[in-house]
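The values are calculated or read from the model by the stated rules, or taken from the named source; none is laboratory data. Predicted, not measured: the structure shown is a model, and the values here were computed from it. Here the Cβ positions follow ideal geometry from the backbone for every residue, glycine too, while neighbour counts run over all protein chains shown.
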Amino acid sequence: MALSSKSLWLAVRLPCLPLEVFGFKHQTDHALITQKQRVLCASKPAVADGIRAGMPAATAQLLGQHQQVERDFALETTALNALADRLYMFTPHLTPLQPAAHLQAGILAEISRSLALFKGLTTLVEQLKENLADTGYELALGLGHTDLCAWLLSWSPTPQPIQHYTQSQFIAQLDVMPVRQLGECHCAQLPYTQLQNRIDDLEKSGFNTIADLTRQIGNQNTSSLRRRWGGEFCGLLSQVLGIEHSLQQTRLFATPLPQYQPEQFFYDSIQFDYPLQTVEQLLQPMEYLLNNLQRYLNNQQLQCQKVEWLLFDIYHNKQTFKVHSSHAQNDAALLLELSRIQLETQSLSFEVDTVELICRDTFKHTPNTDPLGFTQHESNAREMAHDFAIVTAKLKARLGDQALFKVAYKDTHIPELSSAKAPLEQGTSTSYLPHAPRPSWLFDKPQTIQEKQQRLHWRGTITLLQGPERIEGNWWQQQTARDYFIAAREDGLRLWIFYDLHHRQWLVQGIFS
């Protein structure tokens, strides 16, 4: 049974996540995490001083000077979700295992469908490690033919060589593990306490290793185990081994794969070792956060048009500013330049201890479908858009957000009501194409035309050339009915005029170029 035609799962376990989410280094820092007044986990230096998991927190404090922090499930969940978003570039089939009171957190990834894309298992695992290296988390990896098999094998004392595996090879690695190891499984059908009780009963009955269970299944299938230990435990065992619940053969039908959907919201932050005092000092950490944002957008094929920066000092005072782009994009360099321009117009109110980046609104990336262009103008379209964004950002920084706007089309037949001011970053409709000629200059308010001796006069005598064209609208407010004409003034100027059927009056609407 070759892996190329079957599922292959990769487990990414985070054994020190409760410690690392607070910024502690497992290898070097003197720190420990407590839960309900007992030690949950400790760094290596703390362990060297005699601190053990399960020890009372008060006793641990007597063994040395160590930083002691209460466990924070919210921080761990946020970190786990951020990690899952990173792994989304390798496969969409992800199952985050949320942190629990007695169980470690991690992520299960089905990667068999990604092997060809990454040119084999070795390359995929190397790129995955490289992608997660800057998180600072200690990782334990495991491979298996089922999700729970991979999870259990992440505790394997010897690293697994990356090669072509079969189901029998995976089960052979499981066989040497103690049956107590099954207690590390996340099982919704069997709560943690009940699972530990089943394992206690197994050990009392002489089942010391998983090999004892697989031999029992090989001799009598799972029916005898189900009668003694219950259907939920046998279901867990079947899920670990990848066999039918009642038979000792491979599953006939594959279990539907999970589909992970990343949250379309980006947040990242940096806390500094010492406060920063100038804008120049902030640019490098801001560039780091924007590069993380760009990677997030690229992985999920998204774009953004606005980001928000939050600056904090050690007393939790806050200074915020928002950066807008004139078009949706995912260019970290452009966002950094726009942020720098915005920041230089402000003065720092305090020494910055923490900087946070938030991107709340994202858009699906739509690939450009422009025709192939060989002219210099077409080849420089992206550069022109970049320059336009820089120019508008500088003007906004100096004149204010309200100083710049564009003209947007409004869906109405009345010409003077068919346009409005809109922010530069707001999407506008450009699909309105009039069938009749229209002037490029419309008056905000139509100008009155005088009638003298049955002739029309507006800064000179007017002669009708083309028309009429009937335009009606606004029936729900004030009924409007007009007959439009193209006219020429005696000096040759072309005008767009109309006769108001309700007020029986001639007016000039606009001027042709």
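So in the stretch 9-33, with the set limited to residues that are closer than 21 Å to residue 272 by Cα and of a type in the set (Phe, Trp, Tyr), which one is nearest to the chain's Cα centre (by Cα)? So, considering only residues that are closer than 21 Å to residue 272 by Cα and of a type in the set (Phe, Trp, Tyr), the one nearest to the chain's Cα centre (by Cα) is 22. Across the stretch 14-50, the qualifying residues are those that are touching a Phe, Trp or Tyr at 6+ places or on another chain (Cβ under 7 Å) and in a strand (DSSP E or B), and the one among them that is nearest to residue 77 (Cα to Cα) is 14.
Does residue 325 satisfy the condition of being at pLDDT 90 or above, assigned to a strand (DSSP E or B) and not charged (D, E, K, R)? Walk me through it before giving the result.
Numbers: at pLDDT 90 or above: no; assigned to a strand (DSSP E or B): yes; not charged (D, E, K, R): yes.
So residue 325 fails the test.
A residue that is surrounded by 15 or more Cβ atoms within 10 Å (Cβ to Cβ), within 18 Å of residue 82 (Cα to Cα), at pLDDT 85 or above and outside the structural domain of residue 80 (by TED's automatic domain parsing) occurs somewhere in the stretch 333-356.
Quick one: in the stretch 100-133, of everything that is under 27 Å from residue 40 (Cβ atoms) and over 22 Å from the mean Cα position of the chain (by Cα), which residue is surrounded by the most Cβ atoms within 10 Å (Cβ to Cβ)? It comes out as 104.
Going residue by residue through the stretch 151-161, is there one that turns out to be in a loop (DSSP other than H, G, I, E, B) and touching a Phe, Trp or Tyr at 6+ places or on another chain (Cβ under 9 Å)? It would help to see each step written out before you state the result.
Start the filter on the stretch 151-161 by keeping residues that are in a loop (DSSP other than H, G, I, E, B), which leaves 154-161.
Still in the running and touching a Phe, Trp or Tyr at 6+ places or on another chain (Cβ under 9 Å): none.
Looking through the stretch 151-161, none of the residues is in a loop (DSSP other than H, G, I, E, B) and touching a Phe, Trp or Tyr at 6+ places or on another chain (Cβ under 9 Å).
Based on what the data block shows, is residue 206 surrounded by fewer than 16 Cβ atoms within 10 Å (Cβ to Cβ), in the same structural domain as residue 147 (by TED's automatic domain parsing) and closer than 26 Å to residue 172 by Cβ? When the stated conditions are applied, residue 206 passes them. Restricting attention to the stretch 70-105, the residues that are farther than 26 Å from residue 57 by Cβ, among the polar types (S, T, N, Q) and touching a helix residue (DSSP H, G or I) at 6+ places or on another chain (Cβ under 7 Å) add up to 2.
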